[in-house]
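Okay, so here's the structure we're looking at.
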Amino acid sequence: MDKKRKTKSQLIAENEQLSLRLDEAEETLRAIRSGEVDAIVVRGAQGTRVFSLKGVESFYRTIVESINEGAATLNSKGVVLYANTRFSEMLKSPLKKILSAPFDTFVIKKDRDAYSELLGKGFKKGSRGEVSLARGGKASFQAYISLNPLLIDEKPGASVVVTDLTEVKRKEAHIRILYKRVQRELQERKELEKIKEHREFINAVLNNAGSLIVVVDRKGKIVMCNNACESLTGHKLDEVKGKPARDLFMIPEKPESFKKEMQKARPGIFPEQHESRLKARDGGYRIISWTNTAITGGRGAVRYIIATGNDITERKRLEEENRHLAHHDPLTGLPNRRLFMDVINLELAQARRNRKKLAILFLDLDRFKEINDTLGHEAGDELLKAVSERLKASIRESDTVARIGGDEFNIILADLPRTEHITSVAQKIKDSFKEPFVISGHEIRSTTSIGISVYPDDSEKIDTLFRYADIAMYHAKEMGRNIVQFYNPAINLRSIERTRMEDYLRQAVAKSELRVHYQPQVDIKTGRIICAEALVRWEHPVEGLLKPGRFIQLAEETGFITDIDEWMLRTVGEQVRSWNNAGMPSLCITVNLSSRQFQNPELTRKTADILQETGMSPDCLDIEITESMAMADIEYTASRLRELADMGVRISLDDFGTGYSPLIYLKRLPIRRLKIGRPFIQNIATDTNDQAIVAAVATLAHGMKWRVTAEGVETDEQLSSLNETQCDEAQGYLFSRPLPAEEFKELLSAGK
């Protein structure tokens, strides 16, 4: 029989069998829908298999729970019937609060109309759009929702898929910023191309000019220089292009530098002039008068400075000679009485303004007339010149020595924080006369009698101070010559006291009379103590507890300060170890270094040895140096601080802003923190200038990844102002005075 052809009876039988199967399928489907069955059995060529309907539901629920988007189903009224865990996490709301709630309760108010429109379309043919959804509390996030129609119990509903667009929006914003930056760079390149088109013409003009012409960019680096500059310096453009202009031209003859000129440059202010020294081809220096012209960009920002210079060396030399002759003694080269009086008037005004002391020394050579009469006036002149050199070597650069006439000299000691310094200088002058003077082959021994008057102790008038110093000098001669005599006897007593104090101080460490007090440094935002400054005190056997102001200067002058510094480092290390053993948290301690100790070539090794001996972690030690100390020798400072930083020791710069340090130098130092001194903090609550200065320092420091600590904070108003200026930390009596170790431990334990 042909298999493709079936009999009528066969066809009828097959139709009846198919009808039975359809009836069974309809019954099974009804039972599944009504929930009367949990599984179905299927028999086939491969055998009999059982399929769990609950397993199928679990399988699909697992899929929905595993996706990274939020998912939910809504009934015809927009009420949430089902939601996955991811949707709950997006809203930061538990599922039990989401289920049975209208979906639009999670849409922020301003987007609800847009959501209603999307929902209406979603029930019919599906819709897509962005709305903002609430994320717990008052927060919200931008979301992309996709609605699709869905029959639920044969009634219209919708499925919702929610995607969090927060990260996408952030990236879009970043891309917009990058796009604007690229646009600016393209604009700058176009401007440079315009300059290049005229380069040949510009070069021809510049190279035929008789004046020196140098072009520097906004970073102070050389872009070009003309033939006149090349002829004078011997440096070709290829050798200096891209190098800092200050290296070639030694710009800071005055404090202004090309960088500062650049910062001041604004349209309408230039041309602006200044003078500088320039190293010439022959190794000497020429004085150049510069006129600077700014080239600005599209927004008025300075792009380049064109410096035009003229050699004024000869004119300056003649001016200097005439000025020198008018104000200096022709024999010794020292200031004469006229210049000396000008200087003392200025110094006296400064001392009065800063409330500092000032001393006038009146010196007269002992038995000078005998030397003059014995060896002649030429020998006497040579002796006067030799004496002037020794006097200059005995005083600071900031002090002034002058020849008033004959064998009389005057000295001004200015900006004196204490009177003890006067005795030290006077003794140094006396000691300089111990070596004989060799004049015309003869050894001449000479001494000097010194009279001293002090402002404001003796008088506030210049004429009176001169007269008192002169009287004291003659009194010294009457007492036997080669004597230092103060007009005010009380100063002599203080000189004796200083010697006694020095004897006591030399025994202070051996007798365990030194103490360390700790003053907390507080995080301004949290109020938490994060560091402390270690401050030395001296338990004087007679005068009791002395603060550093009474003995540190003496310790520095005598060299004993290095012993105090080492004692401080070791004591702090042992104290930190003791606190750690007692269960206290690790705390960073700031230790001040003296300039003498900082110049000690053994500093790094000794610091490492002390850390190892005491077990103190290097990151718990903060070495603090002053800005003026750091700038004394920037190369040495950078190298020494780098050695300490490489060990893990922190570095702080104290008294920032008082040394007027070039920022280009400071960035070379491995600093972690700047400390702003009390003078800038004292009036910050009422002085807008102080507020602006501190805010500028904080901005600079944060740009360099440094923290900022304000010292001398005493009032809540100061603290509030510091918070506004973005200072990080504060230190002062508002939080605590310096405390002994045990009291400071109690302060830490109290959580203050």
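Some notes on this structure:
- Long-range amide H partners of Asn336 with built H, under 5 Å: His328, Asp329
- The HN-Hα couplings worked out from phi for segment 404-411 by the Karplus form 6.51 cos²θ - 1.76 cosθ + 1.60 (θ = phi - 60°) are 8, x, x, 9, 9, 10, 10, 10 Hz, whole numbers, x standing for Gly and Pro.
- Kirkwood Rh (inverse of mean 1/r, distinct Cα pairs), segment 517-676, angstrom: 16.6 Å
- Segment 76-178, relative contact order in percent, only Cα pairs under 8 angstrom and at least six apart counted: 21 percent
- Backbone phi angles across segment 565-571, fed through the Karplus curve with coefficients 6.51, -1.76 and 1.60 (θ = phi - 60°), yield HN-Hα couplings of 4, 5, 4, 4, 4, 5, 5 Hz in residue order; Gly and Pro are listed as x.
- If the convex hull is drawn through the Cα atoms of segment 310-413, its volume per residue in Å³: 127 Å³
- Relative frequency of Cα-Cα separations exceeding 24 Å in segment 70-173, percent: 16 percent
- Portion, in percent, of the accessible area of segment 588-654 that falls on carbon or sulfur, probe 1.4 Å: 47 percent
- Normalised by the number of residues in segment 278-322, the mean separation of alpha-carbon contacts (under 8 Å, six or more apart) gives a relative contact order of 34 percent.
- Note, ³J(HN,Hα) from phi for segment 137-150, Karplus 6.51, -1.76, 1.60, rounded to Hz, x at Gly and Pro: x, 9, 6, 8, 8, 7, 10, 9, 10, 10, 10, 10, x, 8
- Per residue accessible area in Å² of segment 541-596, where ligands, DNA and RNA are left out and the probe is 1.4 Å: 44 Å²
- Here segment 329-388 has an Rg and Dmax of 15.9, 49 Å, counting Cα atoms alone.
- Counting heavy atoms of the protein chains alone, Ser100 has an accessible area of about 100 Å² for a 1.4 Å probe.
- Given Lys667/Lys705; Lys110/Lys171; Lys356/Lys428; Lys121/Lys169; Lys109/Lys138, the pairs whose alpha carbons are separated by over 18 Å: Lys110/Lys171; Lys356/Lys428; Lys121/Lys169
- Accessible area per residue for segment 306-382, computed on protein heavy atoms with a 1.4 Å probe, is 60 Å².
- Over all directions, the projected convex hull of the C-alpha atoms in segment 353-477 averages 7.6 nm² in area.
- Per residue accessible area of segment 91-196, 1.4 Å probe, in Å²: 69 Å²
- To the nearest 10, the accessible area of Asp458 is 30 Å² with a 1.4 Å probe.
- Accessible surface of segment 272-399, 1.4 Å probe, proportion on carbon and sulfur as whole %: 48 percent
- Carbon/sulfur fraction of accessible area - segment 672-727, other protein chains in place, 1.4 Å, %: 49 percent
- Cα-based radius of gyration for segment 435-491, normalised by 2.2 N^0.38 Å, reads 1.43.
The values are calculated or read from the model by the stated rules, or taken from the named source; none is laboratory data. This structure is a prediction, so every number in the text was calculated from the model and none was measured. Ligands, DNA and RNA are stripped out before the accessible areas are found, and what is left, the full protein with its side chains, is counted by its heavy atoms. Shrake-Rupley method; radii C 1.70, N 1.55, O 1.52, S 1.80 Å.
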